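First comes the structure, then the notes that go with it.
The values are calculated or read from the model by the stated rules, or taken from the named source; none is laboratory data. All values reported here derive from a predicted model rather than from experimental measurement. So basically every Cβ, Gly included, is an ideal-geometry build from the backbone, and we count neighbours across all protein chains shown. We work out accessible area using only protein heavy atoms, side chains counted, and drop any ligands, DNA or RNA first. Shrake-Rupley method; radii C 1.70, N 1.55, O 1.52, S 1.80 Å.
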Amino acid sequence: MIHSKKSLPALTLLSAAIMLSACSGDDNKKPDVIADVDLRLMETTDIHANVMDYNYYSGSTNIGIGLVRTATLIKEARAELTEMGNSVLVDNGDLIQGSPMGDWKQATGIEAGEVHPVYKAMNELDYVVGNYGNHEFNYGLEFLAESVNDANFPYISANIFIDDGDDNPDNDMLYFDPYHLETKAVMDKEGNTHEITIGFIGFLPPQIMQWDKANLSGKVITKDIKAMAERFVPQMKEEGADIVVAIPHSGISTKAYSADALAEHSSWYLADVEGIDAIMFGHSHLTFPSSAFAETEGVDLEAGTIKGVPAVMPGYWGSHLGIIDLSLEYNVTQDTWQVVGSQVEARAIVVDGEATVEPDAVIAANLEHDHQATIAYMGTPIGESTDDIFSFLALVKDDPSIQIVSDAQKAYVENLIQGDVNLQDLPVLSAAAPFKACNREGICADETSFTTVAKGELTLSNAADLYLYPNTLVAVKINGEELKGWLECSASQFFQIDTTTTAQQELVDYAGFPTYNFDVMDGVTYQIDVTQPPRTDRSCSVINADANRIVNLKYNNQDVSDTQEFIVATNNYRANGGVFPGTGSDHIVINSPDTNREVLANYIRDNSPVTPTADGNWSFAPIDTVTDITVVFRVPNTDRARNFVAAQLQNAEFIEVNDAGEAVYELILNQ
């Protein structure tokens, strides 16, 4: 794209001489003088307070995570440039929450003048701008403001506004600055210096209003990402932006665009906005370009583009550094910049199981106090367990890592409704999902992608491993029809099994369906028929209206009727989201001030020693077929995982260790 500037930078003598030479020939042929500039854009995203390369749950170094290692990639990427100044670094949010270090800092509080650990690290790395993610708001606006004010770089978001209480969108005022213009001196390939103004515009998921309703309601509102891009990008150009870089904390959806839908995943739509030259996105905890997007319309994986626009998403927890190298042409005569080429890379801190970089020594030293304080905090004892609590089988059978969470949630709500004449006689169910059961890209080789709490003493570290997020407990009132719909959406976790083939078939859609949406509903019994197509997609939109995967749904051994009423204990993300049937503000009956993790930790304290044995309330419906079908699932190829499978799952047979280092098992369903 071609952009104009309001002011012309001073030309070097060499550039002026070239211009005079170019204009001294035929007056009808006045070629423009072109300068070639390489500009490197770098991105981190979804760090989730994982500054150190350390697993606070297992108490060991993890070479696959940590901004302390990404920092080394950043410095190496800068050093690769012939001209060191021709680079910029941005962060795309979900920064202050998501790891034990983030929990520790929130629990102890942050005082005025105190620097949050994440900014102790980031202030060493020369970021030019940061964008807010959805998890920035988990701890409230006051904690966020006191944390971010120590960043030595500006923050932006173009689709969050002050809630002024009226119904007139024309007078809405922005809560944050929508964009940032960064003017840099860059050097072309001939050694001449020019000025370029890079415009950065940020966005966050509009769904923060549901996910963090208690923190945000009455204070802010959100608007559609693409609509705000269309509003502000022309304004950025008018103010002098030569190129525009979008930083959406938003994944990819290829559904038909609607501004009214306030899409959570809007990066694909932004590629259609005139004036955007590059997209640096996040939120989905995936890597772009990668095979995860091989079937996505408009994506060129080799070029690293979405509809022709260069784009990158660098994983999560510091696993990758996003790099977009733009080839720019500066037309000296017309004073315009044009993007003429690009290269895209998501550079990893681990390749083939081997670390590509060492941790940055300066950041490691600066964070040592915070690191040790986090270790001490997470070691606080809360009780003990009589059994191992592993999530290796959480997607193929009822599981202890979900059971103990459900037990805690259910007991909490049952106690809370006593004395409430409208609620106390209703049966209480509990919805809980496995937060750790393979990674987001569908690889199950690493035990750190699972919950692994060994029997014996339990600490805050174990509670955080069992419940990763600082969600608050919320309860909804639903009927039997909505309950079945809720479970139908959860059952979209599985591929449909073809009973006519002997070919090996994967059971679990590890990469396509996030495990945090696989809600197990305790308090009822049911089976899942995977020979049926899924009724809904991962967003609970109906795709096969006549499909019925949920069968034999019973409460107290009696069939659940469509009108039967229940209370379901869940979390604020699920209850406020309004995506699953039975959720949304009109269904909420309890808004607890307590986090699900606190509820879990207190349950363990009050009931120690706990015995979190799964009660087996759900299973797969047996498949009646004469065909010798082979349905498979995967776990890490470790002694602990394989021993757990052998002890817990009688209808499973080991097949092989695949190229990814996963143990592949057949799940025998035709019995």
Odd one out for VAL599 among (1) in contact with a Phe, Trp or Tyr (Cβ under 8 Å, 6 or more places away or on another chain); (2) open to solvent by 20 Å² or more (accessible area, probe 1.4 Å); (3) part of a helix (DSSP H, G or I): (2)
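Residues checked against (1) closer than 27 Å to ASP224 by Cβ; (2) of a type outside the set (Val, Ile, Thr):
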residue	(1), (2)
PHE137	yes, yes
ASN149	no, yes
ALA158	yes, yes
ASP164	yes, yes
ASN171	yes, yes
ASP177	yes, yes
VAL186	no, no
ASN192	no, yes
PRO205	yes, yes
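Can you tell me which residue within region 193-226, out of those that are among the small types (Gly, Ala, Ser) and without any contact (Cβ under 8 Å) to a residue 60 or more places away in the chain, is surrounded by the fewest Cβ atoms within 10 Å (Cβ to Cβ)? Show your work before the answer.
Of region 193-226, the ones among the small types (Gly, Ala, Ser) are 199, 202, 214, 217-218.
With the extra rule that they be without any contact (Cβ under 8 Å) to a residue 60 or more places away in the chain, the set shrinks to 199, 217-218.
Details: GLY199: 25, SER217: 14, GLY218: 8.
Filtering first and then ranking leaves GLY218.
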Restricting region 326-337 to residues that are open to solvent by 40 Å² or more (accessible area, probe 1.4 Å) and either at pLDDT 95 or above or of a type in the set (D, E, K, R) (or both), the residue that is farthest from ASP36 (Cα to Cα): SER327
Answer from SER401, SER461, SER449 - the residue that is within 24 Å of the chain's Cα centre (by Cα), under 27 Å from ASN556 (Cα atoms) and of a type in the set (Ser, Thr, Tyr): SER401
Unique residue being farther than 17 Å from ASN62 by Cα, surrounded by fewer than 19 Cβ atoms within 10 Å (Cβ to Cβ), among the small types (Gly, Ala, Ser) and touching a strand residue (DSSP E or B) at 6+ places or on another chain (Cβ under 8 Å) when the list is GLY383, GLY379: GLY379
Residue match in region 70-91 (condition: assigned to a helix (DSSP H, G or I), touching a Phe, Trp or Tyr at 6+ places or on another chain (Cβ under 7 Å) and modelled with pLDDT under 95): no
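Conditions tested, residue by residue: (1) open to solvent by less than 40 Å² (accessible area, probe 1.4 Å); (2) in a strand (DSSP E or B); (3) under 25 Å from TRP618 (Cα atoms); (4) at pLDDT 95 or above.
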position: LEU426; (1), (2), (3), (4): yes, no, yes, yes
position: SER430; (1), (2), (3), (4): yes, yes, yes, yes
position: ARG440; (1), (2), (3), (4): no, no, yes, no
position: ASP465; (1), (2), (3), (4): yes, no, yes, no
Tally of residues being outside any loop (DSSP other than H, G, I, E, B) and of a type in the set (Ser, Thr, Tyr) across region 602-636: 3
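In region 109-138, which residues are assigned to a helix (DSSP H, G or I) and either buried (at least 21 other Cβ atoms within 10 Å of the Cβ) or modelled with pLDDT under 95 (or both)?
If we filter region 109-138 for residues that are assigned to a helix (DSSP H, G or I), which is where we start, we get 117-122, 134-137.
If the condition is that a residue be assigned to a helix (DSSP H, G or I) and either buried (at least 21 other Cβ atoms within 10 Å of the Cβ) or modelled with pLDDT under 95 (or both), then PRO117, VAL118, TYR119, ALA121, MET122, ASN134, HIS135, GLU136, PHE137 are the ones that fit.
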